[in-house]
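Undergrad: Have a look at this one before I ask anything.
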Amino acid sequence: MFKCNHSLSVIPPKPFYNYTNCPGYSIYYGLQNSAGNFKVPSSLAQCTVYQVAIRDSPTDDPFDFLSPEFQIQVQLSDDCNKCLRHRGGQCQLDIHKNFFCAKEDKTLAWKLGIGIGLLVIIIIGLLIMWRCKRRVPTFYHKYTESDSVYHGVPVFSFKDLEVATKKFDSSRELGEGGFGTVYYGKLKDGREVAVKRLYQHNFKRVEQFMNEIKILTRLRHRNLVTLYGCTSQHSHELLLVYEYISNGTVTSHLRGESGILPWHIRMKVALETATALAYLHASEIIHRDVKTNNILLDDTFWIKVADFGLSKLFPNDVTHVSTAPQGSPGYVDPEYHQCYRLTSKSDVYSFGVVLVELISSMPAVDMSRDKEEINLVSYPKNYPSFFLKNFSRGS
């Protein structure tokens with residue numbers, strides 16, 4: 001292609017085409033023959049030349065057949081081909097730029113060195129595997145279905161969990177959260193489990209997956225759910241396997257969906273939740289999503305705090321952690337929301353909202369209430385007599 005200013009008054013030779021839609025200059029273009037002996041026509045000698053790759057034959061518009069791709073083919077000499085294919089050598093040039101075929105110097109010492117090096121690497125690898133296997137507690141091997149452990153917890157195959165949940169049947173859904181859906185399942189050994197299936201479209205799902213494993217492997221408390229295991233991080237679906245808590249959430253009981261909670265049970269829920277949070281904070285962990293929907297009840301109304309996807313490690317020797325606010329509407333600490341300063345008091349604020357729910361049986365957020373009363377935390381201030389009445393009646 002040639003770019004020629006109009007001032008040159010170029011008369012293009014045949015078979016060149018003229019593309020004249022450009023102000024101040026014209027573009028002339030034509031095909032170079034395959035022999036590669038193209039010569040610039042004298043009438044175009046003063047123009048700027050461009051060589052471009054094409055798809056097909058030229059048309060009226062050169063931009064219709066330009067290609068963003070091109071190929072480079074290297075043709076080796078016969079001597080180089082023989083050197084590479086038949087002699088196992090390398091094609092090189094000497095100081096005079098004459099070709100010669102260099103053979104690899106595979107001496108006995110070189111072969112012995114490679115062999116000994118590989119042997120040492122294999123032995124070291126076996127020793128590392130043996131030591132790692134010894135460090136895995138027998139507690140974890142007891143519950144392993146595929147005889148493998150990932151970050152200290154047993155690894156389940158996706159197929160086993162698919163069978164346990166009857167292919168994640170919708171009738172087995174226990175609930176849905178911000179990061180995944182939870183299904184009821186039954187393992188081959190008879191254990192009932194809750195399987196959290198992280199959303200495929202959630203770009204933070206690997207982060208949440210790793211966070212829950214990292215947090216829960218540090219914890220052992222009677223008021224926290226137990227993590228039985230997970231799928232591999234490289235599985236096409238990320239699944240977390242927890243103990244199954246049979247009696248639903250505190251939310252479902254407060255709304256009358258699973259039966260009304262008597263006052264002494266509400267007090268028990270408050271006390272055990274506070275105990276669980278105190279243990280978390282002593283373990284340098286902030287839950288960040290304390291709410292009645294994450295407090296589970298078993299058949300004896302023993303509580304289990306669940307869902308550690310948002311939890312964060314919080315060293316006791318720091319005053320706060322600066323991080324973007326996360327949590328559920330109605331439960332987030334206002335100071336954390338406004339100042340991005342996360343502390344253990346953020347969990348305490350959320351726990352306070354849970355206490356108000358336990359007293360009133362009202363949801364933390366209700367869009368059907370008046371504007372000033374959408375958040376439940378405004379009720380004790382606006383209607384103190386209502387809460388005093390409920391508290392005294394309960395006590």
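The values are calculated or read from the model by the stated rules, or taken from the named source; none is laboratory data. Predicted model only: the values in this text are computed from it and were never measured. All Cβ positions, glycine included, derive from the backbone under ideal geometry; neighbour counts span all protein chains shown.
Undergrad: Of all the residues that make up segment 275-291, how many are within 11 Å of Ala306 (Cα to Cα) and more than 27 Å from the chain's Cα centre (by Cα)? Give the steps one after another, and end with the answer.
TA: Let us first name the residues in segment 275-291 that are within 11 Å of Ala306 (Cα to Cα), namely 276, 287, 289-291.
Retained after the next criterion (residues that are more than 27 Å from the chain's Cα centre (by Cα)): 276.
Residues in segment 275-291 being within 11 Å of Ala306 (Cα to Cα) and more than 27 Å from the chain's Cα centre (by Cα): 1 in total.
Undergrad: Run Glu145 past the list (1) modelled with pLDDT of 80 or more; (2) touching a Leu at 6+ places or on another chain (Cβ under 8 Å); (3) acidic (Asp, Glu) and report the number of the one that doesn't hold.
TA: (1)
Undergrad: For segment 191-205, does any single residue satisfy the condition of being within 17 Å of Gly309 (Cβ to Cβ), in a loop (DSSP other than H, G, I, E, B), at pLDDT 90 or above and of a type in the set (Ser, Thr, Tyr)? Spell out the reasoning first.
TA: Keep residues of segment 191-205 that are within 17 Å of Gly309 (Cβ to Cβ), which gives 194-205.
Next, only the ones that are in a loop (DSSP other than H, G, I, E, B) stay: 199-204.
Adding the requirement that they be at pLDDT 90 or above leaves none.
No, there is no match, as no residue in segment 191-205 is within 17 Å of Gly309 (Cβ to Cβ), in a loop (DSSP other than H, G, I, E, B), at pLDDT 90 or above and of a type in the set (Ser, Thr, Tyr).
Undergrad: Is it the case, given these coordinates, that Ser7 is at pLDDT below 80 and of a type in the set (S, T, N, Q)?
TA: Working: at pLDDT below 80: no; of a type in the set (S, T, N, Q): yes.
In short, no.
Undergrad: So, one more: Confirm whether Tyr184 is more than 23 Å from the chain's Cα centre (by Cα), aromatic (Phe, Trp, Tyr) and closer than 24 Å to Ile295 by Cβ. So that I can check it myself, show each step before the final result.
TA: Details: more than 23 Å from the chain's Cα centre (by Cα): yes; aromatic (Phe, Trp, Tyr): yes; closer than 24 Å to Ile295 by Cβ: yes.
Answer is yes for this residue.
Undergrad: Related question: Can we say Glu176 is under 21 Å from the mean Cα position of the chain (by Cα) and either at pLDDT below 95 or surrounded by 17 or more Cβ atoms within 10 Å (Cβ to Cβ) (or both)? Break it down stepwise before answering.
TA: On the way: under 21 Å from the mean Cα position of the chain (by Cα): yes; either at pLDDT below 95 or surrounded by 17 or more Cβ atoms within 10 Å (Cβ to Cβ) (or both): yes.
Spelling it out, Glu176 is indeed under 21 Å from the mean Cα position of the chain (by Cα) and either at pLDDT below 95 or surrounded by 17 or more Cβ atoms within 10 Å (Cβ to Cβ) (or both).
Undergrad: So which residues in segment 340-374 are free of Cβ contacts under 8 Å to residues at least 24 places away in the same chain, touching a strand residue (DSSP E or B) at 6+ places or on another chain (Cβ under 9 Å) and among the hydrophobic types (A, V, I, L, M, F, W, C)?
TA: Ile374
Undergrad: Assuming Tyr28 fulfils every condition listed in (1) at pLDDT below 85; (2) under 10 Å from Met1 (Cα atoms) apart from one, which condition is it?
TA: Looking at each condition in turn, Tyr28 falls short on (1).
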